[in-house]
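The values are calculated or read from the model by the stated rules, or taken from the named source; none is laboratory data. Nothing here was measured: the structure is a model prediction, and the numbers come from that model. Reconstructed Cβ throughout: ideal geometry from the backbone, glycine too, with neighbour counts over all protein chains shown.
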Amino acid sequence: MPEGHTIHRLAARHRELFAGHKVELSSPQGRFAEGAALLSGTLLCATEAYGKHLFHHYSGGLSVHVHLGLYGTVTEGAGTPPVPVGQVRMRVVGGGHWLDLRGPTDCSVLTPPEVGALRGRLGADPLRDDASPAAAVARIVRSPTPMAALLLDQSIIAGVGLVYASEVLFRAGIAPTRPGRSVSADQVWSMWADLRALMAEGVAVGRIDTVHSKHLPEAMGRAPRVDRHGGEVYVYRRTGQPCLICGTPVARAGLAGRNSYWCPTCQSSSLSPTQSSAQKGSA
Ligand SMILES: [Zn+2]
């Protein structure tokens, strides 16, 4: 599933292509015909990403909400749009460009209160300047839930998927199985800062790279990673391969219905003695 950086890239691209233009909306496949008819011919004034949710805001106050889910894709081009191929849920044409949306989990027209309600269910998005992560940090450090599941919970932090969750936990030296309440607030704030930086880079380059420069293939004299997800990472989908830092085979386990990847040596699965006593003292 695309992570938040992909949705923020789409929002920026769609703003560039369509914002400020009256657009023709259609649904060649038919499932979005009513929504398309409602908004076609009106001004697309802004676009926005919030976590894994994409919004096209229209001048009358209504918005199109898109969630790509596992299978959603967006294609685009300039000039006259091609004859629709496959299940095109929504086609947007305007300003000399077109885009086709296929296979989303959701594509629907929302009123401002509905957009507000949806945002209200989402946690802090590391890619948004208006994010306020204090509530997320507070929730994580009180929770008995494993860290990997907490980071993937969109109501706590919005936009983080399995790659960023696995990688930021590796970089923090925290095993994905550790309960949130065994992690200090300082550690969670550091992970938040790390997510912000990593995801901003993901938006810039369109790929998830999480390794420090000294662990890049050229620095280590190793072959680059080959994976359809691209990017250089420490643990994600590297099961059984040696940890780039210590050589321990990367472990994988099912956690909260998702795969979790980690280095059993570099990522501590328990409290350090000092942390443990400090937390007992404050409890
Ligand atoms: Zn390691």
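With respect to being more than 13 Å from the ligand (Cβ to nearest atom), more than 25 Å from the chain's Cα centre (by Cα) and closer than 24 Å to His5 by Cβ, Glu218 fits the description.
Considering only residues in the stretch 254-269 that are part of a strand (DSSP E or B), surrounded by 13 or more Cβ atoms within 10 Å (Cβ to Cβ) and modelled with pLDDT under 95, the one that is farthest from the ligand (Cβ to nearest atom) turns out to be Arg258. Here is a check on your reading of the model: is Ser272 in the same structural domain as Leu152 (by TED's automatic domain parsing), within 16 Å of the ligand (Cβ to nearest atom) and at pLDDT below 95? Against the criterion (in the same structural domain as Leu152 (by TED's automatic domain parsing), within 16 Å of the ligand (Cβ to nearest atom) and at pLDDT below 95), Ser272 does not qualify. Would you check if Arg128 is among the basic types (Lys, Arg), in contact with a Leu (Cβ under 9 Å, 6 or more places away or on another chain) and surrounded by fewer than 21 Cβ atoms within 10 Å (Cβ to Cβ)? Spelling it out, it is not the case that Arg128 is among the basic types (Lys, Arg), in contact with a Leu (Cβ under 9 Å, 6 or more places away or on another chain) and surrounded by fewer than 21 Cβ atoms within 10 Å (Cβ to Cβ). Remark: Ala131 matches the filter, which requires a residue to be small (Gly, Ala, Ser), free of Cβ contacts under 8 Å to residues at least 24 places away in the same chain and not in a helix (DSSP H, G or I). Being in contact with a Cys (Cβ under 6 Å, 6 or more places away or on another chain) and of a type in the set (Gly, Ala, Ser) is a property that holds for Ser59. Scanning the stretch 43-60 for residues that are buried (at least 18 other Cβ atoms within 10 Å of the Cβ), part of a loop (DSSP other than H, G, I, E, B) and small (Gly, Ala, Ser) gives a single hit, Gly51. Restricted to the stretch 235-249, and to residues there that are closer than 16 Å to Ala172 by Cβ and either touching a Phe, Trp or Tyr at 6+ places or on another chain (Cβ under 7 Å) or without any contact (Cβ under 8 Å) to a residue 24 or more places away in the chain (or both), the residue that is farthest from the ligand (Cβ to nearest atom) is Tyr236.
Would you call Val64 modelled with pLDDT of 95 or more, more than 18 Å from Asp129 (Cα to Cα) and out of contact with any Leu (no Cβ under 6 Å at 6 or more places or on another chain)? Here the answer is yes, as Val64 does meet what is asked. Does Tyr58 fit the bill of being free of Cβ contacts under 8 Å to residues at least 40 places away in the same chain and among the aromatic types (Phe, Trp, Tyr)? Answer is yes for this residue.
Residue-wise test of (1) assigned by TED's automatic domain parsing to the domain that holds Val203; (2) in a strand (DSSP E or B); (3) in contact (Cβ under 8 Å) with a residue 24 or more places away in the chain.
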position: Leu38; (1), (2), (3): no, no, yes
position: Gly41; (1), (2), (3): no, no, no
position: Met90; (1), (2), (3): no, yes, yes
position: Leu99; (1), (2), (3): no, yes, yes
